[in-house]
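Chemist: One structure follows; several queries about it will come next.
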Amino acid sequence: MEKCIMALPVLNEAPKYQMNIPSTGQTVRFRPFLVKEEKVMMVAMESENPSDILNTVTDTISACVIDELDTSKLTTFDVEYCFLQVRAKSVGESVMLAPACESCEHKNEVKVMIDDIKIDIPKVDNLIKIDDNISVEMHWPTYKEVMKQNIIGTENQVDQIFTLIRTCIAAIQTPEERFAASDHSAEEMNAFIESMNTEQFGKIQEYVEAMPRLTHDIKFNCSNCGTANTLTLEGMQSFFS
């Protein structure tokens, strides 16, 4: 008689938690990440390549979110926030950091609760009037757009700022027409930006600088010298250092 071999049970596939996507408010269900996903992330983190890390993190979010979610439309701050929420339910709802004292440089143990980390979405007008005839329609770029423009990997800060500004422009409007930025080359968009005067450029820059970021202030007294410290963590990797 042939022995009947039963299939192994499937673990941890059911969604257990919910989170809201910061840029849209959409509620999605998700599960903790699994060992296979954690292994891939560890390799990406060890590479210290920002592009590899962001791609791997986004793949992990896509795997863990059960509801329909187009990850290609997530902003960079969506990706960072969502990953932090998934990680919290996967390996612990707090992280231990070792920030250095600003006075004596002694490293201190500080616990940060993931639930305390929020992203504030400012109320800003995405249609910026440049002059009497021209307005610029802005948007916060998706992580896909950021990756395509190689903004993260750009070492030159001036180039990084200008590329980010260009990526944030969705369209240029006149009373008669709307010119989608995607229909024009980077060179054409750069020429448009460079034709602005200081006041006009400042309006565009204000919008870009208001883009939400994953930030969190921590306060601690140094265990070595007693100095009161305030440190602002910014970006996903700050919470794992």
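Chemist: Let me check against my output: what whole-number percent is the relative contact order of segment 68-163, with C-alpha pairs under 8 Å and at least 6 apart?
Modeler: 26 percent
Chemist: Next question, about the same structure. At most 16 other C-beta atoms within 10 Å and a DSSP loop state: those are the exposed trypsin sites (Lys or Arg not before Pro) I care about. Give me the longest piece of the chain that has none.
Modeler: Formally, the longest exposed-site-free interval is 17-117.
Chemist: Relative to the first principal axis of the alpha-carbon coordinates of the chain, what is the inclination of helix 35-47, with its axis defined by its Cα atoms, in degrees from 0 to 90 and to the nearest 10?
Modeler: Value to nearest ten degrees: 50.
Chemist: At a threshold of 8 angstrom on Cα-Cα distance, excluding pairs fewer than six apart, so keeping six or more, what relative contact order does the chain reach in percent?
Modeler: 17 percent
Chemist: How much accessible area per residue does the chain have, in Å², with a 1.4 Å probe?
Modeler: 61 Å²
Chemist: Looking at segment 176-215, which GluC sites (Glu not before Pro) are in a loop (DSSP not H, G, I, E or B) and have at most 16 other Cβ atoms within 10 Å?
Modeler: Answer in residue order: Glu176, Glu177.
Chemist: Same structure again: Summing -39500 (n - 2.57) over the DSSP H runs of n ≥ 4 in the chain and dividing by its residue number, what mean residue ellipticity at 222 nm do you reach, to the nearest 500 deg cm²/dmol?
Modeler: For the chain, the value works out to -10500 deg cm²/dmol.
Chemist: About the Cα centre of the chain, what is the dipole size in debye to 20, counting +1 per Lys and Arg Cβ and -1 per Asp and Glu Cβ, all else neutral?
Modeler: Once rounded to the nearest 20, the dipole reads 1100 debye.
Chemist: Quick one: angle between helix 50-64 and the longest Cα principal axis of the chain, in degrees between 0 and 90, rounded to 10, please.
Modeler: With both axes taken from Cα atoms, the answer is about 60 degrees.
Chemist: Still on this model: On a 0 to 90° scale, report how tilted helix 157-168 is relative to the longest principal axis of the chain, with both axes built from alpha carbons and the result rounded to the nearest 10.
Modeler: Approximately 80 degrees, to the nearest ten.
Chemist: A further question follows. Take the solvent-accessible surface of the protein heavy atoms, probe 1.4 Å, and return the percent of it on the chain that carbon and sulfur atoms account for.
Modeler: 47 percent
Chemist: At 1.4 Å probe size, with no ligands or nucleic acids counted, give the accessible surface of Val158 in Å², nearest ten.
Modeler: 90 Å²
Chemist: Over the alpha carbons of the chain, what is the largest minus smallest coordinate on each principal axis, giving the biggest first in Å?
Modeler: Result for the chain: principal-axis Cα extents of 81, 67, 31 Å.
Chemist: Comparing Pro32, Pro212, Pro99, which has the greatest mean-square fluctuation in the GNM of the chain with Cα pairs linked when under 10 Å apart?
Modeler: Pro99
The values are calculated or read from the model by the stated rules, or taken from the named source; none is laboratory data. Predicted model only: the values in this text are computed from it and were never measured. All Cβ positions, glycine included, derive from the backbone under ideal geometry; neighbour counts span all protein chains shown. With ligands, DNA and RNA removed, areas are computed over all heavy atoms of the protein, side chains included. Shrake-Rupley method; radii C 1.70, N 1.55, O 1.52, S 1.80 Å.
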